[in-house]
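Read the figures in this text as sums done on the coordinates, not as results from a lab. Owing to the predicted nature of the structure, the values given are computational and were not obtained by experimental measurement. Methodologically, a virtual Cβ is constructed for each residue, glycine included, from the backbone with ideal geometry; neighbour enumeration extends over all protein chains shown.
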Amino acid sequence: MMWFFAILVVLLLGAIAVVAAGKGAPLAEEYDDRPDALVPADRPLTSEDLRRVRFSIAFRGYRMSEVDALLARLAEEQDDRGARHTE
């Protein structure tokens, strides 16, 4: 009787391993739910492109204030650069 339970436990653990390895029914399809940080690839970036960029936040991500300050500075530099080229 003890051998029966031992074999049953081994079979049960094997079934769990097969399911955990993904050999059973397929899981739901994965999709990316992060916001897009879309910037145009077909032209140079403008200051307005930089102002519209938003990054996703991760557990050990970034300090939003630092990234926002950098993006604001880059946008201002783009504005200055654009003003100099139009003069």
Taking 0.36 nm per residue of sequence separation and subtracting the Cα-Cα distance, how much length would be gained by fully extending the chain between residue 11 and residue 29, in nm to one decimal?
3.6 nm
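Would you mind classifying the stretch 36-87 by shape? Square roots of the alpha carbon gyration tensor eigenvalues, ordered a ≥ b ≥ c; an a/c under 1.5 is rounded, otherwise it is prolate if a/b is larger than b/c and oblate if not.
oblate
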Counting only DSSP loop positions in the stretch 47-87, the chymotrypsin sites (Phe, Trp or Tyr not before Pro) whose Cβ has at most 13 other Cβ atoms within 10 Å are 59, 62
Counting other C-beta atoms within 10 Å, which of 13, 74 has the fewest, and how do the rest follow?
13, 74
